[in-house]
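Everything on this sheet refers to the single structure shown next.
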Amino acid sequence: MKKLEGKVAIISGSGRGIGREIAKKLASEGARVVVNDLDAAPANETVEEIRAAGGQALACVGSVTDADFGQRFVAAAVDGFGGLDIIVNNAGYTWDNVIQKMSDEQWEAILQVHLTAPFRIL
């Protein structure tokens, strides 16, 4: 039996980069995973890669900053796999600038992705 057999995980920002590797690792340990990305193509690529390796995955495409995203993301796990055990708030965003030169728009974008979105998902 694998360490995460029977567990269900959601990983935001898991269509590429570090999030993709987290999703693949959790799936390799037996977790069923819900993959998220802003764009369908990378999300579906990650899902297919997990399935090709014998794992179970599905995609929940969209922006973590959408007001209804947290509910949709959790519902994808519950409806698709019957529960939710693991939440990885991986989605991240940078709009590089030194803080004294950052605009209100930049500041709000960073807060939405890094604070508001995880709050809504949890």
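Side notes on the structure shown:
- Per-residue ellipticity at 222 nm from helix content only, as computed over the chain with -39500 (n - 2.57) for each DSSP H run of at least four residues, stands at -12500 deg cm²/dmol.
- Using θ = phi - 60° in the Karplus curve 6.51 cos²θ - 1.76 cosθ + 1.60, the 3J(HN,Hα) couplings for the stretch 56-65 round to 10, 7, 9, 9, 10, 7, x, 8, 4, 8 Hz; x is entered for Gly and Pro.
- For Ala57, nonlocal amide neighbours, meaning residues 5 or more places apart or on other chains whose placed amide H falls under 5 Å from its own, are Val33.
- Reachable lysines, given that their alpha-carbon falls under 25 Å from the alpha-carbon of Lys25 and they are not under 8 places away in the same chain: Lys2, Lys3, Lys7
- Relative to the Cα centre, the charge distribution of the chain, modelled as +1 at Lys and Arg Cβ and -1 at Asp and Glu Cβ, gives a dipole magnitude of about 500 debye.
- With protein chains left intact and a 1.4 Å probe, residues in the chain average 56 Å² of accessible area per residue.
- Mean separation of Cα contacts under 8 Å, 6 or more apart, over the residue count of the stretch 20-119: relative contact order %: 22
- Length gained on full extension, Ala53 to Ala41: 2.5 nm, using 0.36 nm per residue less the C-alpha separation.
- Solvent-accessible surface (1.4 Å probe) assigned to Trp107 amounts to roughly 110 Å².
- Protein-only accessible surface at a 1.4 angstrom probe places the residues Arg72, Arg16 in the order Arg16, Arg72, largest first.
- Positive dipole terminus of the chain, leading residue within Gly82, Gly13, Ser103 (C-beta point charges): Gly82
The values are calculated or read from the model by the stated rules, or taken from the named source; none is laboratory data. Remember, predicted model here, so these are calculated numbers, not experimental data. Heads up, the Cβs are rebuilt from the backbone with ideal geometry, glycines too, and the neighbour counts pull from every protein chain shown. With ligands, DNA and RNA removed, areas are computed over all heavy atoms of the protein, side chains included. Shrake-Rupley method; radii C 1.70, N 1.55, O 1.52, S 1.80 Å.
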